[in-house]
Amino acid sequence: MKVSDHMSAKQVFLDAPIRDKEAVLDFVADAFARCGVAPDKESVHACMKEREHVMSTGIGGGVGIPHAACADVTRPAIVLVRPVTPLDFNALDTRLVDVIIAMVVPRNQTSIHLRLLAGISRLIKTKDFLQAVRSASSPEALYSRIRKIEDSMAFH
């Protein structure tokens with residue numbers, strides 16, 4: 001499943017002024033509400049925070065993937081954030097996080113949730129993705145680059 005099908009350049013934020021994990025959850029919850037997938041940021045924030053309490057979504061390698069299945073979410077969506085400075089996300093490898101790929105899906109869409117997580121994982125493992133995020137000069141350029149990377153990948 002293509003990550004880029006569930007986002008747009010308006011859901012890419014470069015050099016975001018966020019300093020810690022709590023601020024990340026607040027920022028992405030607001031972004032999801034502004035793009036119209038949830039009625040308000042509070043419900044998404046609470047849902048994502050609940051997921052983080054289970055286990056950190058800082059997967060290592062400087063990447064965080066906060067994600068949750070939320071009752072108030074109307075469709076799957078992804079927000080990509082590059083914080084202005086790397087931050088502590090309680091990552092498994094203790095490395096600071098400088099690439100955040102947040103995802104929400106409606107609570108009853110478990111299959112899509114898992115397929116999108118697999119798509120994010122596949123994208124992260126490509127040679128060019130993390131370098132593209134870390135060096136991007138504009139949200140539009142990065143979104144276009146992500147689409148090109150995914151177009152070059154084989155999807156089933």
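The values are calculated or read from the model by the stated rules, or taken from the named source; none is laboratory data. Just so it is clear, the structure is predicted and the values come from calculations on it, not from any experiment. A quick note on method: Cβ atoms are made from the backbone with ideal geometry, for glycine too, and the neighbour counts reach across all protein chains shown.
When the test is whether a residue is at pLDDT 95 or above, more than 20 Å from residue 21 (Cβ to Cβ) and basic (Lys, Arg), residue 82 does not pass it. Of the residues in region 127-136, at least one is free of Cβ contacts under 8 Å to residues at least 40 places away in the same chain and of a type in the set (Asp, Glu).
Condition check ((1) under 12 Å from the mean Cα position of the chain (by Cα); (2) assigned to a helix (DSSP H, G or I); (3) without any contact (Cβ under 8 Å) to a residue 12 or more places away in the chain; (4) surrounded by 20 or more Cβ atoms within 10 Å (Cβ to Cβ)) across all residues:
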{"site": "51", "(1), (2), (3), (4)": "no, yes, no, no"}
{"site": "78", "(1), (2), (3), (4)": "yes, no, no, yes"}
{"site": "81", "(1), (2), (3), (4)": "yes, no, no, yes"}
{"site": "101", "(1), (2), (3), (4)": "yes, no, no, yes"}
{"site": "116", "(1), (2), (3), (4)": "yes, yes, no, yes"}
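Within region 20-35, residues that are in contact (Cβ under 8 Å) with a residue 12 or more places away in the chain have Cβ atoms under 8 Å from residues that are among the β-branched types (Val, Ile, Thr) and part of a helix (DSSP H, G or I) in these pairs: 28/44; 29/44; 32/44, counting only partners at least 6 apart in sequence or on another chain. Restricted to region 1-38, and to residues there that are charged (D, E, K, R) and assigned to a loop (DSSP other than H, G, I, E, B), the residue that is nearest to residue 139 (Cα to Cα) is 2. Output yes when any residue across region 62-72 is touching a residue at least 12 places away in the same chain (Cβ under 8 Å), of a type outside the set (A, V, I, L, M, F, W, C), more than 16 Å from residue 105 (Cα to Cα) and assigned to a strand (DSSP E or B), and no when none is. Checking region 62-72: at least one residue is touching a residue at least 12 places away in the same chain (Cβ under 8 Å), of a type outside the set (A, V, I, L, M, F, W, C), more than 16 Å from residue 105 (Cα to Cα) and assigned to a strand (DSSP E or B). Only one of 51, 75 is charged (D, E, K, R) and modelled with pLDDT of 95 or more. Can you tell me which? Answer to the check: 75.
Screening the candidates 85, 94 for the property of being under 19 Å from residue 130 (Cα atoms), free of Cβ contacts under 8 Å to residues at least 24 places away in the same chain and not in a strand (DSSP E or B) yields one hit, 94.
Within the set 120, 78, 65, the sole residue that is among the β-branched types (Val, Ile, Thr) and out of contact with any Leu (no Cβ under 8 Å at 6 or more places or on another chain) turns out to be 120.
The set of residues in region 89-101 being under 13 Å from residue 21 (Cβ atoms) and touching a helix residue (DSSP H, G or I) at 6+ places or on another chain (Cβ under 7 Å) consists of 89, 90, 100.
Table: residues versus (1) of a type in the set (A, V, I, L, M, F, W, C); (2) modelled with pLDDT of 95 or more; (3) surrounded by 15 or more Cβ atoms within 10 Å (Cβ to Cβ); (4) not in a loop (DSSP other than H, G, I, E, B).
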position: 104; (1), (2), (3), (4): yes, yes, yes, yes
position: 111; (1), (2), (3), (4): no, no, no, yes
position: 127; (1), (2), (3), (4): no, no, no, no
position: 134; (1), (2), (3), (4): no, yes, no, yes
position: 137; (1), (2), (3), (4): no, yes, no, no
position: 142; (1), (2), (3), (4): yes, yes, yes, yes
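The residues of region 19-36 that are crowded, with 23+ Cβ neighbours inside 10 Å, over 21 Å from residue 130 (Cβ atoms) and touching a strand residue (DSSP E or B) at 6+ places or on another chain (Cβ under 8 Å) amount to a single one, 32.
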